[in-house]
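**Q** Just dropping this structure here.
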Amino acid sequence: MGAGLAGLTVAGLLQRAGFPVAVYEQSPGFSRIGAGIILGADVAKVLRRLDLEQAFATTGIRPDAFVSRAWDTGETLYRLEFDEDCETRFGGPFVNIHRADLHQLLQRPLQPGTIRYGHKLAGIGETTNGVTLAFENGATAEADIAIGADGIRSRAREIILGAEEPRFIGRSAPRAVFPANRIKGEPIGDCTKWWAADRHTLAYYMTARRDEVYVMAALPAERWDGDGSPVPGDRDEFIAAFDGAHPDLIRAVEAAEDVTVWPIFDRPRNDCWSKGRVVLMGDACHAVRPFMAAGGSMAIEDAAILSRCIAGFADPETAFARYAAIRIPRVAEVQRISIDNSWMHGPTKTDWFFGYDPCLVPLDAAA
Ligand SMILES: Cc1cc2nc3c(=O)[nH]c(=O)nc-3n(C[C@H](O)[C@H](O)[C@H](O)COP(=O)(O)OP(=O)(O)OC[C@H]3O[C@@H](n4cnc5c(N)ncnc54)[C@H](O)[C@@H]3O)c2cc1C
């Protein structure tokens, strides 16, 4: 369930391995959501197995570097150069891409008709050898197993673990996407994170042509009254949040036209990822705050390990237990760093993260 990053990737990999797969998605279809995503070589290696790596790296941008700068003085705090040596060391490129473009790419390997839109999961029942799925539109379906890839407000999770609201972390994320030629003066850096004591901002290009820019800030917010959905933001308020910022940052945010504000939620760690023939992946089982820019990477890595475990172990419970045992230590570390908001702020060991290949990790070992 869920045609997000996790669901589409696992569907593609399972179909490649010869399994019949259907993806049930609540939305009636997809539109071009205005947001970018940063992904590293760990993800490129999964997309390689779907023959998507080349398109991924040329649709998005391979930035020349990730740079951390001080919000006010502009001082460079850390720089990770993405040159050839780095790509060889990590085993693939680092790519920034528009989410909608990534979404399109992930649908390419799927057999026609795989995604069943307008199917919002309502319930899951287990039979002796399978599961029965019930949807809000009245439809039902039967399958050998069910994979809950339905995001942070996962219904599948609720069915397994009981109802538990995600945690609002006291930050909102105004985001803007706009043409690069709106920025006055010199072009901005390919990918920069700006750090202040109580807030940060990411600004980067999302296309190889460097013609589309994405700016996302994480700002203090005492409360959030709505649900998890984004709301239209106020451009002047957005720009005012950058008072005292370095001119290079102000130039970038002043180019924003429309601003959308997303609340930031996560969930406390919970290592129960499956029950019987139902298993969770991505934000459904480990929603992390986006401060390491790694939630999507974790979802795609999950897909690689879960599909391998399903292919490697005939019994679903054994497959799901292996998958969780391999994934939990790595995801827990990502969650810890994301809460800390320390990733690449200063000198950082990055090989363990970007050098990881979830398609090669032994299935009989903990990560
Ligand atoms: C501000 C922000 C910036 C981020 N930046 C990055 C980044 O740079 N890099 C990175 O790696 N990660 C980033 N992330 C995290 C990343 O977006 C998520 O971790 C990732 O999208 C999770 O993928 P998923 O497939 O688990 O869930 P989702 O992408 O949320 O997909 C879930 C899907 O399930 C569907 N669904 C939901 N309920 C039902 C139901 N009941 N029945 C059927 N379908 C259902 C939804 O419509 C959706 O299509 C960021 C997150 C935020 C909030």
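The values are calculated or read from the model by the stated rules, or taken from the named source; none is laboratory data. These numbers were taken from a predicted model, which means no experiment stands behind them. Counting neighbours? That spans all protein chains shown, and the Cβs are built from the backbone with ideal geometry, glycine included.
**Q** If we keep just the residues of the range 46-85 that are touching a Phe, Trp or Tyr at 6+ places or on another chain (Cβ under 8 Å), more than 24 Å from residue 197 (Cα to Cα) and touching a residue at least 40 places away in the same chain (Cβ under 8 Å), which is farthest from the ligand (Cβ to nearest atom)?
**A** By that ranking, first place goes to 64.
Yes/no matrix, rows are residues, columns are (1) at positive phi; (2) without any contact (Cβ under 8 Å) to a residue 24 or more places away in the chain:
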site	(1), (2)
174	no, no
180	no, no
187	no, yes
192	no, no
201	no, no
206	no, no
210	yes, no
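**Q** Using the structure shown, decide if residue 327 is surrounded by 24 or more Cβ atoms within 10 Å (Cβ to Cβ) and either free of Cβ contacts under 8 Å to residues at least 40 places away in the same chain or over 15 Å from the mean Cα position of the chain (by Cα) (or both). Write out each step before concluding.
**A** Details: surrounded by 24 or more Cβ atoms within 10 Å (Cβ to Cβ): yes; either free of Cβ contacts under 8 Å to residues at least 40 places away in the same chain or over 15 Å from the mean Cα position of the chain (by Cα) (or both): yes.
Here the answer is yes, as residue 327 does meet what is asked.
**Q** Something else about it: Scan the range 1-42 for residues that are aliphatic (A, V, I, L, M) and touching a Phe, Trp or Tyr at 6+ places or on another chain (Cβ under 8 Å) and jot them down.
**A** Passing the criteria: 1, 3, 35, 38, 39, 41.
**Q** Tally up the residues in the range 294-310 that are closer than 17 Å to residue 332 by Cβ, within 7 Å of the ligand (Cβ to nearest atom) and part of a helix (DSSP H, G or I), please.
**A** 4
**Q** Which residues, taken from the range 229-244, are outside any helix (DSSP H, G or I) and touching a Pro at 6+ places or on another chain (Cβ under 7 Å)?
**A** Step one: list which residues in the range 229-244 are outside any helix (DSSP H, G or I), which gives 229-234, 241-244.
Passing the criteria: only 233.
**Q** Here's something else I'd like to know. Pick from 163, 240, 197: which is surrounded by fewer than 20 Cβ atoms within 10 Å (Cβ to Cβ), within 30 Å of residue 280 (Cβ to Cβ) and without any contact (Cβ under 8 Å) to a residue 60 or more places away in the chain? First the steps, then the outcome.
**A** On the way: 240 fails: within 30 Å of residue 280 (Cβ to Cβ); 197 fails: within 30 Å of residue 280 (Cβ to Cβ).
Being surrounded by fewer than 20 Cβ atoms within 10 Å (Cβ to Cβ), within 30 Å of residue 280 (Cβ to Cβ) and without any contact (Cβ under 8 Å) to a residue 60 or more places away in the chain holds for just one of 163, 240, 197, which is 163.
**Q** While we're on this one: Just checking, how many residues over the range 1-45 are within 7 Å of the ligand (Cβ to nearest atom) and assigned to a helix (DSSP H, G or I)?
**A** Going through the range 1-45 one residue at a time, the tally reaches 3.
**Q** Which one of 347, 362, 329 is under 21 Å from residue 13 (Cα atoms) and of a type outside the set (A, V, I, L, M, F, W, C)?
**A** 362
**Q** Looking at the structure I just gave you, is residue 245 in contact (Cβ under 8 Å) with a residue 12 or more places away in the chain, small (Gly, Ala, Ser), outside the structural domain of residue 15 (by TED's automatic domain parsing) and buried (at least 21 other Cβ atoms within 10 Å of the Cβ)? First the steps, then the outcome.
**A** Working: in contact (Cβ under 8 Å) with a residue 12 or more places away in the chain: yes; small (Gly, Ala, Ser): yes; outside the structural domain of residue 15 (by TED's automatic domain parsing): yes; buried (at least 21 other Cβ atoms within 10 Å of the Cβ): yes.
Against the criterion (in contact (Cβ under 8 Å) with a residue 12 or more places away in the chain, small (Gly, Ala, Ser), outside the structural domain of residue 15 (by TED's automatic domain parsing) and buried (at least 21 other Cβ atoms within 10 Å of the Cβ)), residue 245 qualifies.
**Q** Identify the single condition in (1) within 22 Å of residue 81 (Cα to Cα); (2) more than 16 Å from the ligand (Cβ to nearest atom); (3) in contact with a strand residue (DSSP E or B) (Cβ under 6 Å, 6 or more places away or on another chain) that residue 210 does not satisfy, given that it satisfies every other one.
**A** Checking residue 210 against (1) within 22 Å of residue 81 (Cα to Cα); (2) more than 16 Å from the ligand (Cβ to nearest atom); (3) in contact with a strand residue (DSSP E or B) (Cβ under 6 Å, 6 or more places away or on another chain), the one that fails is (3).
**Q** Is it the case that residue 201 is in a strand (DSSP E or B) and not aromatic (Phe, Trp, Tyr)?
**A** On the way: in a strand (DSSP E or B): yes; not aromatic (Phe, Trp, Tyr): yes.
Yes.
**Q** When only residues in the range 316-347 that are within 12 Å of the ligand (Cβ to nearest atom) and out of contact with any Gly (no Cβ under 9 Å at 6 or more places or on another chain) count, which is farthest from residue 279 (Cα to Cα)? I'd like the intermediate steps shown before the answer.
**A** Going through the range 316-347, the residues within 12 Å of the ligand (Cβ to nearest atom) turn out to be 331, 334-335, 338, 343.
Next, from what is left, pick out any that are out of contact with any Gly (no Cβ under 9 Å at 6 or more places or on another chain): 331, 335, 343.
On the way: 331: 16, 335: 20, 343: 29 Å.
My answer is 343.
**Q** Being more than 8 Å from the ligand (Cβ to nearest atom), in the same structural domain as residue 125 (by TED's automatic domain parsing) and crowded, with 22+ Cβ neighbours inside 10 Å is true for just one of 313, 291. Which residue is that? Outline the logic, then answer.
**A** Details: 313 fails: crowded, with 22+ Cβ neighbours inside 10 Å.
Unique residue meeting the criteria: 291.
**Q** Return the residue satisfying two criteria in turn: it lies in the range 207-222 and is of a type outside the set (A, V, I, L, M) and in a loop (DSSP other than H, G, I, E, B), and of such residues it is surrounded by the fewest Cβ atoms within 10 Å (Cβ to Cβ).
**A** Taking the range 207-222 as the starting set, the residues that turn out to be of a type outside the set (A, V, I, L, M) are 207, 209-212, 214, 220, 222.
The next check asks that each one be in a loop (DSSP other than H, G, I, E, B); those that pass are 207, 209-211, 222.
Numbers: 207: 19, 209: 9, 210: 15, 211: 12, 222: 7.
Of everything passing the filter in the range 207-222, 222 is surrounded by the fewest Cβ atoms within 10 Å (Cβ to Cβ).
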